[in-house]
Amino acid sequence: MRETTYLQLKKNLKKDASGFPITRFALLGDCATQHLACAIRGYAYELGENFEMFEADYDQIDAQLMDSESEFFGFRPDTVLIQMCTEKLYERFVRTQLSDRSTFAEREILAIRNCFERVNAGIKCDILFFLFLPLDDGVFGAYTYREKSSFAYQLMKLNMLLADASGEYGNVRLIDLEPIRAKLGADQFKDAKMYAIAKMPMSTSALVWAASRVVDAVRARKGRFHKCAVVDLDNTLWGGVIGDDGLEGIEIGELGQGHAFTDFQIWLKELKNRGIMLAVCSKNNEATAREPFEKHPEMVLRLDDFSAFAANWEDKASNILKIRDELNIGLDSIVFFDDNPFERNLVKTMLPEVEVVSLPEDPANYVDYVRMLNLFDTASYSEEDQVRTERYLAEKNRSRLNESIDNYDDYLKALEMKAVCAPFDAFHTPRIAQLTQRSNQFNVRTVRYTDAEIAEISQSDKYITRYFTLKDKFGDHGLIAVVILERRGEELFVAEWLMSCRVLKRGMEQFISDAIMKIARQEGFLRVIGEYIETPKNAMVKNLYTDMGFESIGDNRFLAVCETYKLHNTYIREESI
Amino acid sequence: MKTVDTLKKLQRVFREVFDDSSIKLTEKTTAKDVDGWDSLMHITLIAEVEDAFGVKFSMKEVTGMKNIGEMVQLIEKKAK
């Protein structure tokens, strides 16, 4: 969440966003949405996004969705936000007969599901939906939640039913505004007179926060999200200075302000378990900096929680660049946490793409503050996330082996690599969708897919799909590449080919290229066509097809003829599942 | 705060909200006199005026204000 105001966001609408990536965004609401639309577009501009907006008239959700010829479907949005407010929900509730109230949530969820299904029947589109904000009408007091016909009971149930529905539909995500309301206070979040006069369920200051959550959700889906938390040590992960205070003197756990730092470490550990990589960036002697992780009994984080560890006396911007190189990620996927305003300012100035968090002065406030920022929004989560750090650490062992062997071929042989090449299946669907969302560099066309879209493609006769896994003697990389091939008469078109960068230069590119050509031969195609769509990040694969033996035919398109294509030598053995 | 100062500060808020530095307010100014002052902008404007002066208008006041003079009077009454 950037610090900004509604007026600033409003002014952004006049600025030229034409160079920014475009999102076709539709907003449907049962309340007044004009100010929200303005805030979303303005906030998108703050983050370098161009939101082309379709805003339906007041309370036109059903009218737009029931008519397949409506302006909404004509606009062909790639994301829609449906805003239904609790105030309107309550109006429907009080109109419900007393005897029917205990099944109110079930009827409401049917109507909402119907909306989702109307969208999905017409277009391919991400759906965002605000959870209903809690409202206790104070009629039942402490009896409320044992009485199923109370509004608060039904509302809580409806939110749970929404959560279940969002899990079922691959393209629905729910945004919870309650933490924002708790932070601002209910009176600041909603100006009651503005709802009464203009049906505005949020104040303009709340709209800035709501807009930031919406834009975060859209960006996450487009692959623009944070992958790594870079943390300082002294007075960030523990109280005091390890070099001066020593192992016994730093505050962590029971000592001094230690609990506040423990809570911050727990939060970071939870991020790591969710797939965010952690890295240390500290001005310290390396051995001194490592000591608490190795020896302090109350530390939550240990060395193997970190994918990179930069403790030295160089400036922090240089160290962050080194971390970036080591982890092979973009600067814009890094978040930097440091208690020292000087260091923060240096990184902000030198590396403006890095998200720099201004930690509060009092460490007691660290964890509440960082929880509110929504720094790590995501559009996917899979078992791959849980083992990401372990995989990176195994990778480091590989590079050590590489350093000890002179000849690269000998190194590849020594890795004893084994790959699986298999059609998409239900089990791998979330991981495949996630890889399409995460991969920026080795990605020939950079099309992002949801779970639902991947499931659909894997069922379709039009496509041939393959995922690839790779393991070697140091560990399992898991699913590292995805190929989607489209049947086009005598030609097979490579609609998607992407690969995780961590398996580059192992012969996997050649292995996959050969696999594509073998499929084409088996299925009786004459030619395979590949295409490269340039993005700011995928220059790495500009020459991929020619390197693999394809011939350039102009317009960033490439051709290989099945009969004449030469298979490569690799050190990867194919395994069946 | 004197009326003339309130008016000056209010003018700054208006210029900011309408993003128009040519706006000049007098006590007689009404919505008709300011380009773009429709019901939608009125909501934005009220929120910004409330913030700038640290006051809250009632629902009746928001819908009932006839001109800038009335707004100034309300602000001065509430800011006391």
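Data table
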{"item": "Residue satisfying all of: in region A:240-254; in contact (Cβ under 8 Å) with a residue 40 or more places away in the chain and surrounded by fewer than 21 Cβ atoms within 10 Å (Cβ to Cβ); farthest from A:Cys281 (Cα to Cα) among these", "result": "A:Glu254"}
{"item": "Selected residue [surrounded by 18 or more Cβ atoms within 10 Å (Cβ to Cβ) and modelled with pLDDT under 95] from A:Ser500, A:Ser513", "result": "A:Ser500"}
{"item": "Cβ-Cβ under 6 Å pairs, at least 6 apart or on other chains, region A:317-334 side small (Gly, Ala, Ser), far side assigned to a helix (DSSP H, G or I) and open to solvent by less than 20 Å² (accessible area, probe 1.4 Å)", "result": "A:Ala317/A:Val347"}
{"item": "Count of region A:291-311 residues which are of a type in the set (A, V, I, L, M, F, W, C) and assigned to a loop (DSSP other than H, G, I, E, B)", "result": "3"}
{"item": "Residues that are over 17 Å from A:Gly330 (Cα atoms), of a type in the set (A, V, I, L, M) and part of a loop (DSSP other than H, G, I, E, B), drawn from region A:342-362", "result": "A:Leu359"}
{"item": "Pick from region A:313-328, criterion open to solvent by less than 20 Å² (accessible area, probe 1.4 Å) and within 23 Å of the chain's Cα centre (by Cα), ranking: nearest to A:Gly275 (Cα to Cα)", "result": "A:Leu327"}
{"item": "Output for region A:397-438, where each listed residue is open to solvent by less than 10 Å² (accessible area, probe 1.4 Å) and of a type in the set (S, T, N, Q)", "result": "A:Gln434, A:Thr436, A:Gln437"}
{"item": "Selected residue [of a type in the set (Val, Ile, Thr) and under 30 Å from A:Asp461 (Cα atoms)] from A:Val367, A:Val420", "result": "A:Val420"}
{"item": "Filter result (part of a helix (DSSP H, G or I) and within 14 Å of another protein chain (Cβ to nearest Cβ)) within region A:33-56", "result": "A:Gln34, A:His35, A:Leu36, A:Ala37, A:Cys38, A:Ala39, A:Gly42"}
{"item": "Among (1) at positive phi; (2) assigned to a helix (DSSP H, G or I), the one test that A:Asn374 misses", "result": "(2)"}
{"item": "In region A:440-458, the residues that are touching a residue at least 60 places away in the same chain (Cβ under 8 Å), closer than 19 Å to A:Arg224 by Cα and open to solvent by less than 40 Å² (accessible area, probe 1.4 Å)", "result": "A:Asn440, A:Phe442, A:Asn443, A:Val444, A:Thr446, A:Thr450"}
{"item": "Verdict on A:Glu3 being touching a residue at least 12 places away in the same chain (Cβ under 8 Å) and either within 29 Å of A:Arg371 (Cα to Cα) or within 14 Å of another protein chain (Cβ to nearest Cβ) (or both)", "result": "no"}
{"item": "Count of residues meeting criterion [in contact with a helix residue (DSSP H, G or I) (Cβ under 6 Å, 6 or more places away or on another chain) and open to solvent by less than 20 Å² (accessible area, probe 1.4 Å)] in region A:262-276", "result": "3"}
{"item": "Answer from A:Thr204, A:Thr144 - the residue that is closer than 28 Å to A:Tyr45 by Cα and of a type in the set (S, T, N, Q)", "result": "A:Thr204"}
{"item": "The lone exception for A:Lys222 - which of (1) buried (at least 22 other Cβ atoms within 10 Å of the Cβ); (2) at pLDDT below 95 it fails", "result": "(1)"}
{"item": "Scan of region A:120-140 for residues that are touching an Asp or Glu at 6+ places or on another chain (Cβ under 7 Å) and open to solvent by 20 Å² or more (accessible area, probe 1.4 Å), ordered by number", "result": "A:Lys124, A:Leu131, A:Leu133, A:Pro134, A:Phe140"}
{"item": "Spans of helices (runs of 4 or more DSSP H) in region A:57-145 with at least 1 residues over 20 Å from A:Lys199 (Cβ atoms) and in contact (Cβ under 8 Å) with a residue 40 or more places away in the chain", "result": "A:61-66, A:71-75, A:104-122"}
{"item": "Helices (runs of 4 or more DSSP H) completely within region A:174-290 that count 3 or more residues being among the hydrophobic types (A, V, I, L, M, F, W, C) and either over 27 Å from A:Tyr381 (Cα atoms) or within 14 Å of chain B (Cβ to nearest Cβ) (or both)", "result": "A:192-198, A:204-221"}
{"item": "Subset of region B:42-52 that is farther than 16 Å from B:Asp20 by Cα and open to solvent by 30 Å² or more (accessible area, probe 1.4 Å) - its residue that is nearest to the other protein chains (Cβ to nearest Cβ)", "result": "B:Asp51"}
{"item": "A:Gly549 vs. criteria small (Gly, Ala, Ser) and touching a helix residue (DSSP H, G or I) at 6+ places or on another chain (Cβ under 8 Å)", "result": "yes"}
{"item": "Residues within region A:104-119 that are over 29 Å from the mean Cα position of the chain (by Cα) and open to solvent by less than 60 Å² (accessible area, probe 1.4 Å), tallied", "result": "3"}
{"item": "Residue match in region B:17-37 (condition: open to solvent by less than 70 Å² (accessible area, probe 1.4 Å), within 19 Å of A:Phe189 (Cα to Cα) and within 9 Å of chain A (Cβ to nearest Cβ))", "result": "no"}
{"item": "Answer residue from region A:185-202, given it is in contact with a His (Cβ under 9 Å, 6 or more places away or on another chain) and buried (at least 24 other Cβ atoms within 10 Å of the Cβ) and is farthest from A:Met372 (Cα to Cα) among those", "result": "A:Met200"}
{"item": "Yes/no for A:Tyr565 being within 30 Å of A:Leu331 (Cα to Cα) and open to solvent by less than 60 Å² (accessible area, probe 1.4 Å)", "result": "no"}
{"item": "Candidate set: region A:63-94, residues that are acidic (Asp, Glu) and more than 14 Å from A:Gly122 (Cβ to Cβ); chosen: the one most open to solvent (accessible area, probe 1.4 Å)", "result": "A:Glu91"}
{"item": "Check on A:Ala394, at pLDDT below 95 and either at negative phi or in a strand (DSSP E or B) (or both)", "result": "yes"}
{"item": "Matching residues in region A:13-32 - criterion: being more than 25 Å from the chain's Cα centre (by Cα), buried (at least 16 other Cβ atoms within 10 Å of the Cβ) and more than 11 Å from chain B (Cβ to nearest Cβ)", "result": "A:Gly29, A:Asp30, A:Cys31"}
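The values are calculated or read from the model by the stated rules, or taken from the named source; none is laboratory data. Quantities reported herein were computed from a predicted structural model and do not represent experimental measurements. Cβ: placed from backbone, ideal geometry, glycine included. Neighbour counts: every protein chain shown. Calculation scope for accessible area: heavy atoms of the full protein, side chains included, ligands and nucleic acids excluded. Shrake-Rupley method; radii C 1.70, N 1.55, O 1.52, S 1.80 Å.
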